[in-house]
1. Do you know which residues across region 186-219 are surrounded by fewer than 17 Cβ atoms within 10 Å (Cβ to Cβ), aliphatic (A, V, I, L, M) and either within 19 Å of Ile154 (Cβ to Cβ) or within 22 Å of the chain's Cα centre (by Cα) (or both)?
2. Using the structure shown, decide if Gln364 is surrounded by fewer than 20 Cβ atoms within 10 Å (Cβ to Cβ), at pLDDT 95 or above and either hydrophobic (A, V, I, L, M, F, W, C) or not in a loop (DSSP other than H, G, I, E, B) (or both).
3. Only residues that are closer than 10 Å to Tyr291 by Cα, more than 14 Å from the chain's Cα centre (by Cα) and assigned to a helix (DSSP H, G or I): list them for region 341-356, please.
4. Among Thr49, Thr54, which is the only one that is open to solvent by 60 Å² or more (accessible area, probe 1.4 Å), of a type in the set (S, T, N, Q) and either modelled with pLDDT of 95 or more or closer than 30 Å to His345 by Cβ (or both)?
5. Go through region 367-392 and give me each residue that's more than 26 Å from Ile265 (Cβ to Cβ), open to solvent by less than 40 Å² (accessible area, probe 1.4 Å) and not aliphatic (A, V, I, L, M).
6. State which residue pairs qualify: first residue of a type in the set (Gly, Ala, Ser) and crowded, with 24+ Cβ neighbours inside 10 Å and inside region 106-127, second residue assigned to a strand (DSSP E or B) and modelled with pLDDT of 95 or more in any location, beta carbons under 6 Å apart, and separation of 6 or more residues or different chains.
7. Restricting attention to region 297-307, and to residues there that are in a helix (DSSP H, G or I) and free of Cβ contacts under 8 Å to residues at least 60 places away in the same chain, which single residue is surrounded by the most Cβ atoms within 10 Å (Cβ to Cβ)?
8. If we keep just the residues of region 328-348 that are among the small types (Gly, Ala, Ser) and more than 25 Å from Val407 (Cα to Cα), which is surrounded by the fewest Cβ atoms within 10 Å (Cβ to Cβ)?
Amino acid sequence: MRRALAAFTLALAVLSAGAVQAKTVAVTAARLLDVVSGKYVELPVVIITDGRITAVGPQGSVSIPADAERIDLPGQTLLPGLIDMHVHLDSNPRYGGYSSLVFTDSFWAVIAVPNAAATLNAGFTTVRNVGADRYNDVALKQAVDEGLIPGPRIIPAGYAISAMGGHCDYTYFPPSVGAVAPGVADGPEEGRKMVRKMHKYGAKVIKICATGGVFSNDAVGVQQMSVEEIKAIVDEAHMQGLKVAAHAHGPEGIRAAILGGVDTIEHASLVDDEGIKLAVKYGAFFGMDIYNTDYTQAEGRANGVRESELKKDRDIGEAQRQNFCKAVKAGVRQVYSTDAGIYPHGWNARQFAVMVRYCATPLQAIQSATVNAAAALGQDGDVGQVAVGRYGDIIGVTGDPLADVTVLERVTFVMKGGVVVKR
């Protein structure tokens, strides 16, 4: 009898929950940028029900339900919530070089919390966190998803997969310390196993380090993974339904990553003409972080960054920007990747102006952080547009972002999933 009563009570609770009326929000503004066509919808109405967009159109063409919560933004321009495809939310640029070693391991999980809030308030409602220690990004995603802390939608990678002694290994220490990064995997079979491990512990994207880098003890462009290793990792990741991002600065490593089937090439600083042609042929996305050199050169030394790293940064900074221009002109699909954490979180939108300075149109720059990024994530049915079926992720700015892309640095309104987080 007690079991029957409990079952009946549970059934009533389920029925009652299903009977709760869906929350509906109606947002109006001066105009809405259609990021696919590059055209404006004047005096738009956006209806969001239970976090998803159910109707979009000019006022008069869309009926606003009588019980809808009204959010009126006169003079504002609406855009989709922005997407940053390359962040490190558990990093802070103030602690460069060896200065980070004064903190306990869990310090980095704690600072990720305000970093996530700053990113969301800047209008970035989705981010891809490509590499974190101790699965900090997985924990952060879980806390955001549970509604315990504010933050964007997070696609975590867990540990980046690296060759022994490679860019994403721990290369700062002498042999007596015996420090080896948990993501080290040598050979195709170890690579496959590491993908399975990252997936097991919550990764939603796989990050590999195919070449050397700026902030490590190696040459920035040297190849560190073979095509066979990359193919094995990509094959395993794709079988698990995961995309793969490759840190790759040098031309050989970029070509190897593209031929290995990687989905996005991060940095792509020293890409050559052959690498650009391969990216177009195979449809790989480039995520070129062409703003952060300004910050590292201005503040890096004061933050403890070593001179050897600052020199590498100087050596490739302008080359990367020129190669970004070449790639844009050649038709390589770009995604918005900033490497936030190398510079302060919340400054993510500063890269738009640099992209426009180096050949991209304002619309191309905006598309890299919306429709292109959504496609690269495999989530173009969820994010990247203000369109029916997508999440109610919307930002507002004052001004015309197609005339002055820097207005995106001053976001005045942020909504995530139909909930206002900044107004």
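1. Within region 186-219, no residue meets the criteria.
2. yes
3. Arg350, Phe352, Ala353, Val354, Met355 - these are the residues of region 341-356 that are closer than 10 Å to Tyr291 by Cα, more than 14 Å from the chain's Cα centre (by Cα) and assigned to a helix (DSSP H, G or I).
4. Thr54
5. Result: Gly389, Gly392.
6. Hits for this filter: Gly123/Leu82; Gly123/Ile395; Gly123/Val414.
7. Looking at the filtered set, the residue picked out is Gln297.
8. Among those residues, the one meeting the criterion is Gly331.
The values are calculated or read from the model by the stated rules, or taken from the named source; none is laboratory data. Every value quoted in this text rests on a predicted model; they were computed, and no experiment measured them. No Cβ is skipped: glycine too gets one built from the backbone with ideal geometry, and neighbour counts run over all protein chains shown. Just so you know, the surface numbers come from the protein's heavy atoms only, side chains and all, with ligands and any DNA or RNA stripped out. Shrake-Rupley method; radii C 1.70, N 1.55, O 1.52, S 1.80 Å.
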